[in-house]
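Below you'll find the structure, written out as structure tokens, and then a few comments.
Each reported figure results from applying straightforward, stated rules to the coordinates on display, with no laboratory input. No experiment lies behind these values; they were computed from the predicted model shown. Positions of Cβ are backbone-derived with ideal geometry, glycine not excepted, and every protein chain shown enters the neighbour counts.
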Amino acid sequence: MTRTILEIRDLRKSYGRNNILNGIDLQLLPGKITGLLGRNGAGKTTLMKCVLGLTANYHGKVVFNGKNLSTTDTQTRMKIGSLVDVQFYEDLTAYDNLMLSIRLIDSLPKKERKRLIQESLEFVELSNAAKKKVKNFSFGMKQRLALALSLITKPELLILDEPFVGLDPIGVEEVKDLLRKLCRERGTAILFSSHQMQEVCDLTDNILVLSKGVISYSDQNRHFENQQAQLIELMK
């Protein structure tokens, strides 16, 4: 029986009288990539922030590896990486940006921090740029650095909000290759949102459509004819 790494049960979230999530149910499996589609304002980012503990006061269950996920459970949350609202210190190097982040994890020895940073930069193919200031990075390099930051604790689950925005076609393919490599070599479960329908259809094992606060469609990516047109209809 395949292990479920993340299970969400009847997740509901409101801001005042504005209901954003109206009962979300979903499951994520190790080594699988799930694409999350939806119009602007559909609640994709809110859903991700609930899982990441970046927003509170929601109703429902978020279960990670069979355990209810608490906003205060920092050890468990280290196993969840994210690329959501990532910002860098532009005048610092790539290495120093990652070090600032990893220093917040008190349980990691100094030598372990350096090793994890080096491994993470190597994985996203930025080792040669480790000592370069981020302000001199191209957009694609910054996106790979953001991915390196999300991978620094070798998470079992990776949550990415619009990872392809602003990338040229080569950058898109580079990020897609890195995500496939993560699943293949580490068995990482990945949930990402995107407005780029082609990338969702190319990359994912499963597709979810979020509409009017609920998952209106959830199925394996079957690559059928006119798939993109049908998914757009489901988003309306």
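A few remarks follow.
- Comparing the range 91-164 with the 2.2 N^0.38 Å rule of thumb, its C-alpha radius of gyration ratio is 1.05 (two decimals).
- Euclidean distance of C-alpha centroids, the range 1-69 and the range 149-222, integer Å: 15 Å
- The order of the peptides 169-175, 95-101 by mean Cβ neighbours within 10 Å, most packed first, is 95-101, 169-175.
- With the cut-off at under 13 Å, measuring from each backbone N in the range 1-42 to a point 7 Å along the Cα-to-Cβ line of residue 79 picks out 3-7, 30.
- Value of [θ]222 nm, deg cm²/dmol, for the chain, DSSP H segments ≥ 4, -39500 (n - 2.57) each, nearest 500: -10500 deg cm²/dmol
- Cα shape, the range 1-95, gyration tensor, a/c 1.5 rule: oblate
- Counted over all Cα-Cα pairs of the range 159-236, pairs farther apart than 16 Å make up 53 percent.
- Using the Karplus relation 6.51 cos²θ - 1.76 cosθ + 1.60 with θ = phi - 60°, the per-residue 3J(HN,Hα) values for the range 204-217 come to 8, 8, 9, 10, 10, 10, 9, 9, 6, x, 9, 7, 8, 8 Hz, with x marking Gly and Pro.
- Cα gyration tensor shape of the range 101-209, rounded if a/c is under 1.5, else prolate or oblate by comparing a/b with b/c: oblate
- More than 28 Å apart - percent of Cα-Cα pairs taken over the chain: 31 percent
- Per-residue 3J(HN,Hα) values for the range 66-80, derived from phi via the Karplus relation 6.51 cos²θ - 1.76 cosθ + 1.60 with θ = phi - 60°, read x, 10, 4, 8, 9, 5, 9, 8, 5, 5, 5, 5, 5, 8, 10 Hz in sequence order (x marks Gly and Pro).
- Rounded to the nearest 0.05, the FRET efficiency derived from the C-beta distance between residue 103 and residue 184 at R0 = 45 Å is 0.90.
- Helix axis angle, 139-150 relative to the chain longest principal axis, alpha carbon, degrees: 90 degrees
- Backbone phi angles across the range 87-101, fed through the Karplus curve with coefficients 6.51, -1.76 and 1.60 (θ = phi - 60°), yield HN-Hα couplings of 10, 10, 8, 4, 8, 9, 6, 4, 4, 5, 4, 5, 5, 4, 6 Hz in residue order; Gly and Pro are listed as x.
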